[in-house]
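Okay, structure first, notes after.
No lab work stands behind these numbers, since they all come straight from the coordinates. Just so it is clear, the structure is predicted and the values come from calculations on it, not from any experiment. Heads up, the Cβs are rebuilt from the backbone with ideal geometry, glycines too, and the neighbour counts pull from every protein chain shown.
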Amino acid sequence: MRMPDPDRDVLSRRTEIIAALRRIVPGEGVIAEEEELRAYECDGLTAYRQLPMIVVLPESKQQVSDILKYCHGRGVKIVPRGAGTSLSGGALPLEDGITLGLGKFNRILDIDYDNRCVTAQPGVTNLAITNAVEADGFYYAPDPSSQIACSIGGNVAENSGGVHCLKYGLTTNNLLGVEMVLMDGKIVRLGGKHLDSGGYDLLGIVTGSEGLLGVITEVTVRILRAPATARALLIGFPSSETAGDCVAEIIGAGIIPGGMEMMDKLAIHAAEAFVNAGYPMDAEALLIVELDGPEIEVDELIGRVEAIARDNKAESVRISNSEDERQTFWAGRKAAFPAVGRISPDYYCMDGTIPRHRLSEVLTRMNELSDRYGLRVANVFHAGDGNLHPLILYDANKPGELENAEEFGADVLKLCVEVGGVLTGEHGVGVEKRDLMGEMFTEIDLNQQQRVKCAFDPTQQLNPGKVFPTLHRCAELGRVHIQSGQTRFPEIPRF
Amino acid sequence: MPQQFDPETAEEACAIVADALAGKTALEIVGGGSRRDMGRPLNTDYVISAAKLAGVSLYEPDELVMRAGPGTPMEQIRMQLDQHGQMLAFEPPDYGPLLGGAPGQGTIGGVIAGNLAGPRRIKAGAARDHFLGFEAVSGRGEIFRSGGRVVKNVTGYDLCKLMAGSWGTLGLMTEITVKVLPAPEKIRTVLIACADAVSATAAMSRGLSSPHDVSAAAWLPETAAAKSGVSHVAGAQAALAAVRVEGIGSSVDARCAALREELSTFGDVEELHSHNSLSFWREVRDVRLLGDGTVWRLSVPPADAPGILEVLRAELDAEYFVDWGGGLIWVTVGCGCGGEDSGANVIRTVIAAGGGHASLIRASADLRSRVPVFQPESAPVHRLTRNIKEAFDPEGILNPGRMYEGV
């Protein structure tokens, strides 16, 4: 993975920069020893590694502001980092960059039931927000599978999803406000405890911007009253087509389940061997459908979904009759990644989204690719919203196999775009999908996105090398090439 | 009369904008024209209309997705969705009559450009939350795209969020893709007699914090309730809080009964059935419950509503009602009240403490040119706003100054 050329001048000033950072963050907050830096060399995408020049762990927004202000004037690059669970390399360090870790921002600042929101520092984990309010019957809806570890600031940076987002939305739909520091050190507040923006929706553009626009120092999210009850169906199908038809018919019948997950045979077998959830081993596809809400509603919808499943050739239907049983149904799905990890030395997790009705076609072609590359693939799938997570099985110790898996993955993502989908549903572009952006966007599209980057960070010091395949200078992007349209459409009236 | 262009394709629209760019000529973008009197007044010599960039090009009910030209009338979209029992869940309002025009003139482009939303905002989100992708012509005279047709998408910056609520200052949209959702089978509304804002806000908060999946919560002082066309509301001769539940029949009945029980501690309870509920929430959505005068829209933390209303009543003698459980306050400042700025200073001062924003929705062109129509921004945020405008429209030719002077 090619990253921007390191700035030799910045590298030569490393000692001076360390001293300056130590003046801003006293004590243990500046890390410069190689063995300690090692802990920060990668995030959840472990295939890419790079030692950062320096790691700094500030404790206050003023320190963050001072660090950025110092770096801004001296051309030093910054890579913001939350819990380091990104699956796309969003927090991959730069050789000449400072990794700015927000782990010490770990306090919940305000729980406000009257306004149904929680304000937290960015290093608080996703799950900790729910934990803080669940005794009072509330929860925070987006629930990425890494929720025990991932930070809320990272969730904002990546616009994280989870299994419940068809019904409850992604981070962007549950976020009310942030405080963030711009590259020049200025502190801004976007949003608050109210809804929507009075001007441009800057909060909306910051969400999912992958740490390229600012460093978040505070987050306010909406909390919801937990549903009265939740029950799940575990449905086995003879093919992915029949399972896909069932999903379409459930939604066509006006039912939006709290969660709807599909697994293919390889994933079913791996999960069953790992957690013994009682999954049907002869099924080609497994659907978990969860209905949540008032008890009477859930009971009725369970019946409707069961009828639809049977109409669509379901071979087995189990319905959870207790909270334990519901959890068991989910246990296999939740353990799918580590379960696949047990049947293969390594796996590479993909994250494309497709229009749902193209599912069986995509699965067929993915199997052809699997044969061509000689690598197995297990599929877990957020069936309600078309977000695929193919897991490509490989062995990094075999020469060339990682590269082979990466090429396979790239082909899968290109296929997603070809059928009308997108490169990434919830994991982000990062470095991983950076060079595939041209599959989905024209150069004009990408330049327009980069101009937004320039609006926030004109010197492009925040997380450079991520998201965009080509880095243009902001001055160059700002130039207007005037090309009158006169020659085209001579029939339309003109000025 | 300004000269009007009516492009029929994105390429034609692009050629016109490119010409305007070459001559540094400003363009006003219009759709159905129903919201032309919102925002700061424009004085351009040329108008570019999206009216002929119209029609639904893709609608897949099972995939919950619809794609249409920006000039597609909302009525047409509603009818097509209706046939499949679906809806735009953010309850797009029709401000035509509020602004002195006819109902049913709005377009999907206008709804998105204004990031409008009705009572269901608190549960389902605003236009921004259902806006999946677009194609547009920027002020650079270039056609660009962002987003897609799927709900789960984090590929690149979410430019949909910027376009929603930018009032045509960043680009002329030529294609819009939105998420659609199943419409509820049944609707019920619980009415609670709540004489004052404090108890009403508490009642709404109780409803919204309950597991009964409340999809709207409003409070109407007696003057607002009296303007309703629903006889149970107008005839109550009292201030009323209203809480809505929607969904499948058995569930709605059970939740409605539970809410009646739980909220009866705040005052006498009544209920509206489906037809009356529809009519009532349409009045709330389209702001049909206010008298004459300048209209302000305040988005605030819900719990701040009672304090804010107290100031509005005392200092501006204003009429008002409340939606979004307290989070949205609609205010009319009558002629002669509120001084030269029609209450701008009082309103923006009172919301400053808790945060939020106030916009001028209905006012004379003169007032809209003198008083900031959109919430003034802090200096560093406004700097970002200007930078964003420049990134999309460097010569300032698209709806210049519609939101902020010089933007």
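Below is a table of values for the structure above.
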item	result
Diffusion constant of the stretch A:362-495 at 20 °C, which comes from Stokes-Einstein with the Kirkwood Cα-pair radius and 1.002 mPa s, µm²/s	120
Angle in degrees between helix B:274-285 and the longest Cα principal axis of chain B, rounded to the nearest 10	50
For peptides A:254-261, B:359-366, sequence by mean Cβ density within 10 Å, most packed first	A:254-261, B:359-366
Volume per residue of the C-alpha convex hull in the stretch B:1-157, rounded to whole Å³	133
Linear extension gain, A:R372 paired with A:N131, 0.36 nm per residue minus alpha-carbon span	82.1 nm
Average beta carbon contacts from partner chains per residue of B:385-394, 10 Å cutoff	5
Convex hull projection area averaged over all views, the stretch A:8-101, Cα basis, nm²	5.7
Phi-based couplings in Hz for the stretch A:16-29 (Karplus 6.51, -1.76, 1.60; Gly and Pro marked x)	5, 5, 4, 4, 5, 5, 5, 5, 7, 10, x, x, 8, x
Helical contribution to [θ] at 222 nm, DSSP H n ≥ 4, -39,500 (n - 2.57), averaged over chain A, rounded to 500	-10500 deg cm²/dmol
Interatomic Cα distance distribution for the stretch A:238-385, bins of 5 angstrom, percent	2, 9, 19, 22, 21, 15, 8, 3, 1, 0, 0
The stretch A:108-225: radius of gyration over Cα atoms, expressed as a fraction of 2.2 N^0.38 Å	0.98
Net length gained if the chain between A:A253 and A:M281 were fully extended (0.36 nm per residue, minus Cα distance)	7.2 nm
Where Rh is the Kirkwood radius over Cα pairs, Rg/Rh for the protein assembly as shown	0.96
Compactness of the stretch B:65-149 as Cα Rg over 2.2 N^0.38 Å, two decimals	1.14
5 Å binning of all Cα-Cα separations within the stretch A:27-159, expressed as whole percents from 0 upward	2, 10, 19, 20, 19, 13, 9, 5, 2, 0
Nearest-0.05 FRET efficiency for A:M1 and A:V480, computed from C-beta distance (R0 30 Å)	0.35
The stretch B:290-407: Cα Rg divided by the 2.2 N^0.38 Å rule of thumb	1.13
Förster radius 45 Å - calculated FRET efficiency between A:R38 and B:E310 (Cβ-Cβ, nearest 0.05)	0.15
Where labels lie 7 Å past Cα in the beta-carbon direction, separation of A:R473 and B:D317 in nm	6.3
Kirkwood Rh, angstrom, chain A [1 / mean 1/r, Cα pairs]	24.1
Peptide-level mean, for B:143-149, of C-beta atoms on other protein chains within 10 Å	5
Whole-Å semi-axes of the ellipsoid equivalent to the stretch B:252-345 (Cα gyration tensor, √5λ, descending)	30, 16, 11
With Cα atoms, 0 to 90° folded angle of helix B:379-392 axis to chain B main axis	50
Pair B:A353, B:E75: separation of 7 Å Cα→Cβ label points (nm)	4.7
Test item: A:417-429 mean partner chain Cβ contacts at 10 Å	4
DSSP beta bridges in the protein assembly as shown [antiparallel fraction, %, rounded to 5]	85
Percent of Cα-Cα distances greater than 34 Å, calculated over chain B	30
Options A:L388, A:G400, A:L375, ranked by Cα towards positive dipole end of the stretch A:344-428, top entry (Cβ charges)	A:L388
Taking the C-alpha atoms of the stretch A:67-141, convex hull volume expressed per residue in Å³	112
Net dipole in debye of chain B [+1 Lys, Arg Cβ; -1 Asp, Glu Cβ; about Cα centre; nearest 20]	460
Degrees separating the helix B:74-83 axis from the principal Cα axis of chain B, which is the longest one	60
Rounded to 5, the percent of DSSP beta bridges in the stretch A:8-101 classed as antiparallel	20
Kirkwood hydrodynamic radius of the stretch B:158-252, Cα pairs, Å	16.1
In nm, spacing of pseudo-spin labels at A:I18 and B:A365 (7 Å Cα→C-beta vector)	6.7
Relative contact order for chain B, counting Cα pairs under 8 Å that sit 6 or more residues apart, in percent	18
Nonlocal amide H pairs with B:G31, under 5 Å, H built at 1.01 Å	B:A50
Radius of gyration, Dmax [the stretch A:344-428; alpha carbons; angstrom]	12.2, 38
Net charge of Cβ neighbours under 15 Å - reference A:E241; Lys, Arg +1; Asp, Glu -1	-3
Chain A - percent relative contact order, Cα under 8 Å, separation 6 or more	14
